[in-house]
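Just so you know, all these numbers are worked out from the coordinates, no wet-lab data involved. Just so we're clear, the structure is a prediction, and the values are computed from it rather than from any experiment.
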């Protein structure tokens, strides 16, 4: 199976705008129109080599991405570009965001905290809260993200099977 955007959600986890009210909500995942995700869409050759997992934990969610060494510098550059978009959104600039990125922004506004740990293999990101209501929202977001991502990958697999 080809892995097209397997790091999409992991990067969005740690680089999502905190100003969730300033957006034009698109579909849940949108690699062409979302101001954050289109940066990844422009790097699909790299994304095909990255693996990603997203899990609910007691107080939020954990995301782990494995980034081959030869792509880690490029991924760091991409992450910095995403941070620049986040700064613009935080400053009040209106930009289109997919449902996933807008949802994370709303969760951050509700008090969810992010923490990222760079590892030799890539990155681990935590999205947590001590507020049980926010934890429920993080879990719902994680469930929706995993379901939508599964649909996306299944559609990609179907496209891969079609003759050219």
Contour minus Cα-Cα distance for residue 143 and residue 161 (0.36 nm per residue): 3.7 nm
Mean separation of Cα contacts under 8 Å, 6 or more apart, over the residue count of region 29-87: relative contact order %: 29 percent
Using alpha carbons only: equivalent-ellipsoid semi-axes of region 8-158, gyration tensor based, whole Å: 21, 18, 16
All-pairs Cα distance distribution in region 97-158, expressed in whole percent, bin size 5 Å: 4, 16, 21, 21, 18, 14, 6, 1, 0
Overall Cα dimensions of region 66-135, principal axis frame, Å, largest first: 38, 30, 18
